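Only one structure is covered here, and it is reproduced in the block below.
What follows draws every value from the coordinates through simple rules; no lab data is involved. Only a predicted model underlies this, so the values are computations on that prediction, with no experimental measurement involved. Virtual Cβ from ideal backbone geometry, glycine too; neighbours counted across all protein chains shown.
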Amino acid sequence: MHSMKMITTYLYSRYERFWHWLQMALIFLLLITGLEVHGLYSLMGFEQAVNIHNFVGITWLIAFAFFVFWVFTTGEWKQYVPTTKKLFAVIRYYSFGIFKGELHPVPKRKGAKHNPLQRLTYLSLAAMLLPIQMVTGVFYWTYNSWETWGLGFLSLKVVALIHLAGAFFILTFIIVHVYMTTTGHSIFAHIKAMITGWEEIEEGVEIEDWEKASRKQFSETVS
Amino acid sequence: MVFVPMPSFAKQEQEAPGLELARQAVKAERKTTTADHSQFKALQQAFASGPEISKACMSCHTKAADQLKKTLHWTWLDPNSPKNNQKGKAGYSLNNFCISANGTHDHHCNECHIGWNAEGKKAEIDCLRCHGQKKINWEEAFEDYEYFMESNDPEEKALAKEVQAEIQEAAQSVGRPTRKNCGSCHFSGGGGDGVKHGDLDPSLINPNRQLDVHMGYDGRDFECIRCHTTIAHRVAGRIYGTPASKTRQSLLEHDLEPKIMCESCHSDKPHKSSGKMNDHTDKVACQACHVPKIAKILPVQTWWDWSKAGKKKDGKPYDIIGPFGKPVYQSTRGETRWEKNVIPKYLWFNGSIQGATAKDIIDPSKLVKLAWPDGNRNDKNARIFPFNIHSGKQPYDTVNKTMVTPLLSGGQGYWSTFDWKDSIERGAKYLNLPFSGKIDFVETAYVFPSTHMVAPKEDALECSQCHTRPSSRLANLTGFYMPGRDRLKFIDIAGWAIVLCSFGGIVLHALGRIFTNGRKKEE
């Protein structure tokens, strides 16, 4: 299918990979325990599910603070800036092109990890969905303090339902996200890259200016 | 990443603050007495009647009678209710057991009044009912004594001496009230063992800790008065609409508070500091989880249908004994039902119980709540509390729309005459109440807070017994969102729809990739 020569490049730093898999584990635990708290099944018992959910939730909150620090201090945030450039080309690719063996319109390259669709998805996730889960989660957890904090107008029902809706969106994301890892040049290529940090990419594909995380960073990493 | 303490993972040795506090509150040695009553001259005289014994008591305890006569235990009247519709057994209060004490004119009810005979408040105080540690059949003893004393037969005179020795020994055996003393009325109210409360019955005279963790002989071995602390004969506890304690303070905050609330000793943070349990104490009473069931050893009566009373076999009243050896039918009382290991009903409760009186106008088209807890979710002082609900059917005046108060005991009471109209008329007269002469039966309910029979902590309710659907113990309490019990169907359906759609989407996408790649290879 691919006639181009593949080269391997170091795409994901150690912290980035650690954060990815830690977050995966935390979200997995939160989903398992959260859905039990919602009364879907009885696995470890309500009390244990609540305790683990609260503990993991707060752990995630703290870990997320480190991620935010990392994303801003390293300039990685630029990888999450949304763009409509080639967005429709990517959508078209996943809808049609992929079946015809076409090449990805925005392949991964050093300094440009995310295609426009990924940028949009990860930004909504990291800047919207996850913060919503964290905020509603913290409110849920601190229900007893609402009165003293002057938040008596809040409704546990509303908070709980937003939190639950968020969980469904995250679950949906995971399903699609895990599936999308199989769309690399081989089924496990992307997963392997997220474990080792090294991604196989096609040689000679130029990075367009708009994709560059930062000129400085790019020149540094390339040289 | 482990910044938050997580005791369910890392077992901490730290105890719950409330448990530590409670242990300290009961650490002191039991109170001992400095008086041996058998040494007192006043108690060494010959007693020919009960009142003579009480008189001897009061020759030293000079203030006791004054103190006692002001208490609910004597007056049977709620001091905090209006005089013209006063609550209390001696007032206009009603229940769905023996219905009314007819202003202490029903002698059967007066058996539990702490006087020497069934004359109610006209009688002399019977100190030994609460303080006597040796129970004898007083009536028989005094009768025998009188009979033998009057005899000239020296043998019978000797017998009289023997009886008197027995009387004196009982009179001298006095002390602080024990579970048995309190239980002689409170365990057998309503005319029999376990008729009324469900959390109070004779099984508590000598309970193990499995039955009651505080009173158990192998637990803390508390007497009733350990919590029902007493000042000047006034025993701490709820009085009809007046809560047992208006403040939720622990002894740490106020060392002279009565120990009547769980929180008095356990504080409002009774559990280990982590976890969600302590967060519940603002809305959920301790009893809700720690009294998971009642009537654990002896059955409790749950239903009493007076409308079935009065049937006769061969012209004679009869009884039918059912399971547990308890009557399920009595001509005198009607149909009754009994249950064991009863799961309480959960209701909002701010400490007051609203009781109906014989003067209150009722709506016979609905269940008539003769006693029902006060409070709702928005009441800051109200918490979810377990209750034993006793239901039944009993007569009411269809014209005046009031509950009626039949006289039951005695030669002219219903139990002898089986004549509703006559007995109701007599009962009404004692209370100066009108009676139209027309009656029917209406279903009623009467609640008892379940606060005794506190289970050991390993038997307390699991979270999942309330936080579940559809069998939540709190299924009847609405108007608030409870995790695990409640959901919005729309969110659940929409959520799963999105999840399933995305899953279906990737399956189709994957199939598409497999299919088209396959075709390409053939080319």
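Structural remarks
- The trypsin sites (Lys or Arg not before Pro) of the stretch B:18-75 that DSSP puts in a loop, and whose beta carbon has at most 14 other beta carbons within 10 Å, are B:K27, B:R30, B:K31, B:K63, B:K70.
- Computed helical MRE - 222 nm, chain B, DSSP H runs ≥ 4 contributing -39500 (n - 2.57), nearest 500: -7500 deg cm²/dmol
- Peptide A:169-179 shows a mean partner chain C-beta count of 4 within 10 Å per residue C-beta.
- Cα gyration tensor category, rounded, prolate or oblate, for the protein assembly as shown with a/c compared to 1.5: prolate
- Tilt relative to chain B, helix B:138-150 - C-alpha long axis, 0 to 90 degrees, to 10: 10 degrees
- In the stretch B:20-121, GluC sites (Glu not before Pro) in a DSSP loop with at most 15 other beta-carbon atoms within 10 Å: B:E29, B:E111, B:E119
- Angle of helix B:420-430 to the longest C-alpha principal axis of chain B, folded into 0 to 90 degrees and rounded to 10: 70°.
- Dipole orientation for chain A: of the candidates A:L40, A:G101, A:L171, A:G101 has the Cα lying most toward the positive pole (charges on Cβ; Lys, Arg +1; Asp, Glu -1).
- Pairwise Lys count, the stretch A:6-222 - Cα closer than 21 Å, eight or more residues apart or different chains: 25
- Of the DSSP H helices in chain A, those whose Cα atoms cover at least 15 Å axially and whose Kyte score averages 1.0 or more: A:46-73, A:130-141, A:156-180
- Sequence ranges A:128-141, A:93-106, B:444-457, ranked by mean other-Cβ count within 10 angstrom, highest first: B:444-457, A:128-141, A:93-106
- For the stretch A:45-98: rounded, prolate or oblate by the Cα gyration tensor [a/c cutoff 1.5]: oblate
- Given B:K83/B:K180; B:K121/B:K421; B:K308/B:K369; B:K134/B:K293, the pairs whose alpha carbons are separated by over 30 Å: B:K83/B:K180; B:K134/B:K293
- Selection among B:I491, B:H186, A:L120 by position relative to the dipole of the protein assembly as shown gives A:L120 as farthest towards the positive end (Cβ unit charges, Cα centre).
- For the stretch B:290-465, the gyration tensor built on C-alpha atoms gives an oblate shape. Its axis ratio a/c (a ≥ b ≥ c) is at least 1.5, and a/b is not larger than b/c.
- Each Cα pair under 8 Å and six or more residues apart adds its separation to the average, and for the stretch B:290-465 the resulting relative contact order is 26 percent.
- Nearest 10 degrees, 0 to 90: helix B:154-172 Cα axis against chain B principal axis: 40 degrees
- Peptides A:31-40, B:241-250, A:6-15, ordered by how many other C-beta atoms sit within 10 Å of their residues on average, highest first, read A:31-40, B:241-250, A:6-15.
- Whole-number percent relative contact order across chain B, with pairs defined as alpha carbons under 8 Å at least 6 apart: 15 percent
- Within a straight-line Cα-Cα reach of under 22 Å, B:K272 can be paired with the following lysines, leaving aside sequence neighbours fewer than 8 residues apart in one chain: B:K11, B:K27, B:K259, B:K283, B:K457.
- Legend: mean number of C-beta atoms from other chains within 10 angstrom of residue C-beta atoms, peptide A:60-70, equals 1.
- Among B:275-288, B:194-207, the order from most to least packed when residues are scored by Cβ within 10 Å on average: B:194-207, B:275-288
- Note on A:30-37: average number of Cβ atoms from other chains within 10 Å of each residue's Cβ is 1.
- The label-point distance for A:I191 and A:M6, in a model that sets each label 7 Å from Cα toward Cβ, rounds to 1.6 nm.
- Given R0 = 56 Å, the distance between the Cβ atoms of B:E425 and B:I136 translates into a calculated FRET efficiency of 0.90.
- Long-range HN-HN contacts of B:W338 with modeled amide H, under 5 Å: B:T302
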